[in-house]
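Inspection log for the structure reproduced underneath, given as structure tokens.
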């Protein structure tokens, strides 16, 4: 019953009390009596929890539903269950922000460069870092024109280990992202690097970079984005959670947003269900410490 009274209290300023009481099946006298009583410890705890949820939803955590929100709250020292968080969010109309549908159109597979086989399909799931990297390119609309973002993702930890941005789709964009990943991670020979069949990944420049470091190329089947679903998912999250469907005013603004989104949000803080609701950095740190 107290939950109904709390809902009435939050809406009382905008709706007639008699209508609220009738809609929620309570009496006005009961509501007045409840309002006069001091809040219970449980109610006070729920109020504090709700305030924390609403604060988190002002940032990138607006994308979180109740499971990830519960993990985030527990990580901040709040004792709460997922059922409790789900009820608070539901009662106050707080839902995970659904990402807009993005349809990247950056793949030009109509070329004469050699196509690598889909070695990823034959490879067992990685059990440590720098065994399988995934690549892709996506576009970011800005008021100044398209900005293209090349990404390299570690399949095991979901961490973005390399990235590059440019106003073109030449092979150097892909190589720049790979160079960043190589500098940061220093993987050994035998690393599998998977991509789609785009000309940038099949180009002589990209192939030469992989061969120099002793890495194996792998490419998705024609017209099958599911072969690289982990990267597609990461791109969707970056666009929806970092850019939020907005259009940056220029390339410089987009670069700043994406830099912060990759390094400060996605890698450091974003909780992934596949990683036990840890961020990629926290997941890798835990692995290294065991």
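Report yes if residue 84 is under 22 Å from residue 6 (Cα atoms), surrounded by 15 or more Cβ atoms within 10 Å (Cβ to Cβ), modelled with pLDDT under 80 and touching a helix residue (DSSP H, G or I) at 6+ places or on another chain (Cβ under 9 Å), otherwise no. Against the criterion (under 22 Å from residue 6 (Cα atoms), surrounded by 15 or more Cβ atoms within 10 Å (Cβ to Cβ), modelled with pLDDT under 80 and touching a helix residue (DSSP H, G or I) at 6+ places or on another chain (Cβ under 9 Å)), residue 84 does not qualify.
Applying the set (1) at pLDDT below 95; (2) buried (at least 18 other Cβ atoms within 10 Å of the Cβ); (3) over 20 Å from residue 164 (Cβ atoms) to residue 254 leaves exactly one unmet item: (3). Considering every residue within segment 183-193, establish whether at least one is in a loop (DSSP other than H, G, I, E, B) and touching a strand residue (DSSP E or B) at 6+ places or on another chain (Cβ under 6 Å). No, segment 183-193 contains no residue that is in a loop (DSSP other than H, G, I, E, B) and touching a strand residue (DSSP E or B) at 6+ places or on another chain (Cβ under 6 Å). Restricted to segment 121-156, and to residues there that are farther than 22 Å from residue 199 by Cα and without any contact (Cβ under 8 Å) to a residue 40 or more places away in the chain, the residue that is nearest to the chain's Cα centre (by Cα) is 156. Just to confirm my filter: which helices (runs of 4 or more DSSP H) fall fully inside segment 1-45 and include at least 3 residues that are out of contact with any helix residue (DSSP H, G or I) (no Cβ under 8 Å at 6 or more places or on another chain)? In segment 1-45, 17-24, 28-36 are the helices (runs of 4 or more DSSP H) which contain 3 or more residues that are out of contact with any helix residue (DSSP H, G or I) (no Cβ under 8 Å at 6 or more places or on another chain).
With respect to the conditions (1) exposed (fewer than 13 other Cβ atoms within 10 Å of the Cβ); (2) part of a helix (DSSP H, G or I), residue 246 falls short on a single one, namely (2).
Could we say that residue 234 is out of contact with any helix residue (DSSP H, G or I) (no Cβ under 8 Å at 6 or more places or on another chain) and closer than 21 Å to residue 132 by Cα here?
Details: out of contact with any helix residue (DSSP H, G or I) (no Cβ under 8 Å at 6 or more places or on another chain): no; closer than 21 Å to residue 132 by Cα: yes.
No: the conditions fail for residue 234.
Per the conditions (1) in a helix (DSSP H, G or I); (2) in contact with a helix residue (DSSP H, G or I) (Cβ under 7 Å, 6 or more places away or on another chain); (3) more than 24 Å from residue 70 (Cα to Cα); (4) at pLDDT below 90, the sole criterion not satisfied by residue 226 is (2).
Quick grid of which residues meet (1) at pLDDT 90 or above; (2) touching a helix residue (DSSP H, G or I) at 6+ places or on another chain (Cβ under 9 Å); (3) outside any loop (DSSP other than H, G, I, E, B):
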| residue | (1), (2), (3) |
| --- | --- |
| 205 | yes, yes, yes |
| 221 | no, yes, no |
| 263 | yes, no, yes |
| 283 | yes, yes, yes |
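Filter segment 5-33 for residues that are farther than 30 Å from residue 74 by Cα and surrounded by 15 or more Cβ atoms within 10 Å (Cβ to Cβ) and give the result. Listed by number, the residues that qualify are 20, 21, 24, 26, 31.
When you go through 255, 269 one by one, which is the residue that is under 21 Å from the mean Cα position of the chain (by Cα) and part of a helix (DSSP H, G or I)? Before you say what the answer is, go through the steps one by one.
Working: 269 fails: part of a helix (DSSP H, G or I).
One residue alone meets the criteria, 255.
The values are calculated or read from the model by the stated rules, or taken from the named source; none is laboratory data. Keep in mind the model is a prediction, meaning the values are calculated, not measured. Backbone-built Cβ (ideal geometry, glycine too); neighbour counts: all protein chains shown.
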